[in-house]
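Notes to accompany the following structure.
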Amino acid sequence: MLLFSGTWLYERLMRRAFMIAGARSRRLPFQAGSLHVLDLKGAGTLPPVMLLHGFSASGASQYGALVRHLRSHVSRIILPDLPGHGLSSVPSRLDDEVMVEALEAVAERFIHRPTVIFAASMAGGVAVRFAQAQPERLAGLMLCSPGGAPIAPDQLDEFRATFRIGSHRQALAFVDRLFPRRHPLRQAYAWGVRQQFNRPHLVGLLERLGDLQFLQPDELRRLSMPVSLVWGRRDHILPPSQLEFYRAHLPAHAEIDTPPSFGHAPFLHQADAVARKLLRFARRVSRA
C-alpha cells in the first residue's frame, strides 16, 4: 500500500497546475459520495490511460511527472482521486468495495474505449477487482508494487506499524524506505507523510485491513486481459510475500518485471523509466 504527501492547499495547487496544462477538473457523484477526476486530452494515438494512486495520495500529487512523459503518446489520461483521498469526499464507509464502486462510476463516465489502467500500491488490489467486474473496459492492466495480497496474522501488526507515524523522525524513516536512495526533499516529504497518515479515516482504513480485504488466488488467475507486473527490487515498503503471491497466482500470460533500481514508487524518482515501460505495454496491447 502507499503513499504520498499533501494537504488541502497542496491538492488545489496541483489541480491548478494540471488545469493550466489543459486538464478538466470534474466532480462526479457516486453511491457513497463524490469523486474528483482530472481528465487530460493527450496528443498521441495510443489507448487512453487511467492512473490510480496509492494510499494517502491523489492523482495530481503522485503522477505529475509521469503524465508529462505520457501525454504526447496517449490519446487521453484519466486521474481519479479514490474515495477519502485528494479532493474526493470521505465516505461514511471506506474499504475496497467502496473504491471498486467508485472506479465503476469513473468508468461509466470517462471510459468509452478499452483503456490501459496503471495502478500503484494500494490501488493494485482495487484495480484487480475492478478488472474482474468490468474486463471489457480494459485494454490492459499494469500493476506497480501492488498491495492487496494476504498478510499472515503474525505479520499484519508489523505491517500496519509501518504506516503509524507519530513523530517527524518516524516520518523520515518511512520516506527513506520509500526511495532507493536518500531524497533531497525528504524533510518536506516527511512533513506531508505525517500529516496525511494521521487523518482519521486513513488510520481506520489500515486498522480494518484483514482477511475480508485481501485478494484470493482465483481473483488473479481469472484476469483475462493483458497484465504486466512491475516490482522494484528496492521496494522496502511491502513485504516480499506480496510479490510472491502475485508471482504465484497471476495468469500465465502476465509479464513480470523486477527492475533493480526501482523502489516502491518509481514514478516519483524514475518517471521516465516507468513511462517507457507503460508506453511499451500500451503499444503491445494496442496491437493485440
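The values are calculated or read from the model by the stated rules, or taken from the named source; none is laboratory data. Bear in mind that the values here come from a model prediction, so they are computed numbers and not experimental data. Cβ coordinates were reconstructed from backbone atoms using ideal geometry, including for glycine residues, and neighbour counts include every protein chain displayed.
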In segment 138-194, which residues are hydroxyl-bearing (Ser, Thr, Tyr), assigned to a loop (DSSP other than H, G, I, E, B) and surrounded by fewer than 20 Cβ atoms within 10 Å (Cβ to Cβ)?
SER167
Residue check: is PHE130 of a type in the set (Phe, Trp, Tyr) and out of contact with any strand residue (DSSP E or B) (no Cβ under 7 Å at 6 or more places or on another chain)?
yes
Note on segment 84-102: residues touching a Leu at 6+ places or on another chain (Cβ under 6 Å), within 22 Å of LEU215 (Cα to Cα) and in a loop (DSSP other than H, G, I, E, B) are GLY84, LEU94
Return a yes/no flag: does segment 126-134 have any residue that is in contact with a Ser or Thr (Cβ under 9 Å, 6 or more places away or on another chain), modelled with pLDDT of 95 or more and farther than 22 Å from SER145 by Cα.
no
Just one listed residue, out of LEU38, LEU46, LEU2, is under 13 Å from SER61 (Cα atoms), at pLDDT 95 or above and either surrounded by 15 or more Cβ atoms within 10 Å (Cβ to Cβ) or basic (Lys, Arg) (or both), and it is LEU38
From the options GLU136, GLU158, GLU104, residue that is out of contact with any helix residue (DSSP H, G or I) (no Cβ under 8 Å at 6 or more places or on another chain) and either under 30 Å from ALA273 (Cβ atoms) or touching a residue at least 12 places away in the same chain (Cβ under 8 Å) (or both):
GLU136
Can you find, within segment 38-56, the residue that is nearest to the chain's Cα centre (by Cα) among those that are in a strand (DSSP E or B) and of a type outside the set (D, E, K, R)?
LEU52
Say whether the condition of being modelled with pLDDT under 95 and among the polar types (S, T, N, Q) is met by at least one residue in segment 61-79.
yes
State whether the residues of segment 212-223 include one that is in a helix (DSSP H, G or I), aliphatic (A, V, I, L, M) and more than 18 Å from the chain's Cα centre (by Cα).
no
Criterion first (over 14 Å from the mean Cα position of the chain (by Cα), among the basic types (Lys, Arg) and more than 18 Å from GLY22 (Cβ to Cβ)) does ARG93 satisfy it?
yes
Mind checking which residues of segment 19-37 are assigned to a loop (DSSP other than H, G, I, E, B) and closer than 16 Å to LEU103 by Cα?
GLN31, ALA32
Applying the selection to segment 247-288, what residues are touching a Leu at 6+ places or on another chain (Cβ under 6 Å) and part of a strand (DSSP E or B)?
ILE256
Against the conditions (1) surrounded by 18 or more Cβ atoms within 10 Å (Cβ to Cβ); (2) under 18 Å from the mean Cα position of the chain (by Cα); (3) within 30 Å of PHE174 (Cβ to Cβ), where does LEU250 fall short? Just the number, please.
(2)
For segment 228-237, does any single residue satisfy the condition of being surrounded by fewer than 14 Cβ atoms within 10 Å (Cβ to Cβ) and either assigned to a loop (DSSP other than H, G, I, E, B) or touching a Cys at 6+ places or on another chain (Cβ under 6 Å) (or both)?
yes
Out of all the residues in segment 258-282, which are of a type in the set (D, E, K, R) and loosely packed, with under 14 Cβ neighbours inside 10 Å?
ASP272, ARG276, ARG280
For ALA273, are the conditions met, namely being among the small types (Gly, Ala, Ser) and either touching a residue at least 12 places away in the same chain (Cβ under 8 Å) or under 25 Å from SER58 (Cα atoms) (or both)?
yes
Would you confirm whether or not segment 83-101 contains a residue that is in contact (Cβ under 8 Å) with a residue 12 or more places away in the chain, β-branched (Val, Ile, Thr), buried (at least 19 other Cβ atoms within 10 Å of the Cβ) and closer than 21 Å to ARG12 by Cβ?
no
